[in-house]
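Let me begin by presenting the structure, written as structure tokens, before commenting on it.
Values quoted throughout were computed directly from the atomic coordinates according to the rules given, and no laboratory measurement underlies them. Keep in mind that this is a model prediction, so the values were computed, not measured. Every residue, glycine as well, gets a Cβ built from its backbone with ideal geometry; the counts of neighbours run over all protein chains shown.
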Amino acid sequence: MADVKFEPVERRTISVEVRERLAASIRDGLLLPGSQLPSERALCEQFGVARTSVREGIQGLVSLGVLERRGNRTFVTESMPDVSFALDGTDRRKERVRELFEVRQVVEIPLARLAASRATDEDRARITELAKQFHADMKLEAFRKLDHEFHWAIARASGNETLLELYGKVLDSLFGSAEFDQLLTSHTNRDVVRDVIRTAATMHRRIAKAIAKGDWSDAIVTAELHLDHVEDQMMARMV
């Protein structure tokens, strides 16, 4: 058998491909600052895709400040942003999100294990009660507030003050991240956000159940599955 090695397959949506082709045209000087984009109909014909994909691709660049709307027309911005998006195809928002999730994996999984092993009856009751408040139809703002309380309650139940202090900084970085907020609040990503909230509601209850039972092994597995799912959705589907 031949010794062949393949690179991992990159999961990309059509709208992401449209967005990056438009970005490449700007980078290569084919679309200059201040120039008008072709109509959505023309872009659909050129890319060979549906109008929804073109709109989502354009909206992704609008949300990054690379394109701007003027009435019914779309233009390349005169002053190109340099903080959240690089025209070499790198979405710096997602690079930041990836970093945050790497930190969450390092910190939150051990916290779930410690909480399952050390939590007091009061801790377990608090975590269980918070988990019950999650539901699939929550608004994003309410979900994020409750999400913060839930994960903080788990951290407190770990019984490790130093780790709690460290995790406080992680939460500050997570909930204070402009890149994270841009992805979550973008109108284009509303369906993905709904999926994330719906699945997170279920996973939070499973994590709480494992901690309530003192099952640290299940707490570890479920916490890891939860983080993996949210990261996968944000990286693969959000624009």
Relative to the longest principal axis of the chain, what angle (0 to 90°, nearest 10) does the C-alpha long axis of helix 121-132 take?
-> 30 degrees
Residues Asp191 and Thr120, FRET efficiency given R0 of 45 Å [Cβ-Cβ distance, rounded to 0.05] = 0.65
Ranking Arg73, Arg156 by Cβ neighbours within 10 Å, fewest first, what do you get?
-> Arg73, Arg156
To the nearest 10 degrees, how steep is helix 161-175 against the longest Cα principal axis of the chain, on a 0 to 90 scale?
-> 20 degrees
What are the extents of the Cα atoms of segment 92-236 along their three principal axes, listed from largest to smallest and rounded to whole Å?
-> 42, 30, 22
Using Cα positions and a limit of under 20 Å, work out the lysines in reach of Lys213, with same-chain residues fewer than 8 apart set aside.
-> Lys132
To the nearest 10 degrees, how steeply does helix 190-213 sit against the main Cα axis of the chain, on a 0 to 90 scale?
-> 10 degrees
Take Thr74, Thr202 and order them by how many other Cβ atoms sit within 10 Å, fewest up front.
-> Thr202, Thr74
The answer for Ser39, listing residues at least 5 apart or on another chain whose modeled amide H is closer than 5 Å to its amide H, is none
Quick one: dipole size for segment 92-236, taken about the Cα centre, charges +1 on Lys/Arg Cβ and -1 on Asp/Glu Cβ, in debye to the nearest 20.
-> 240 debye
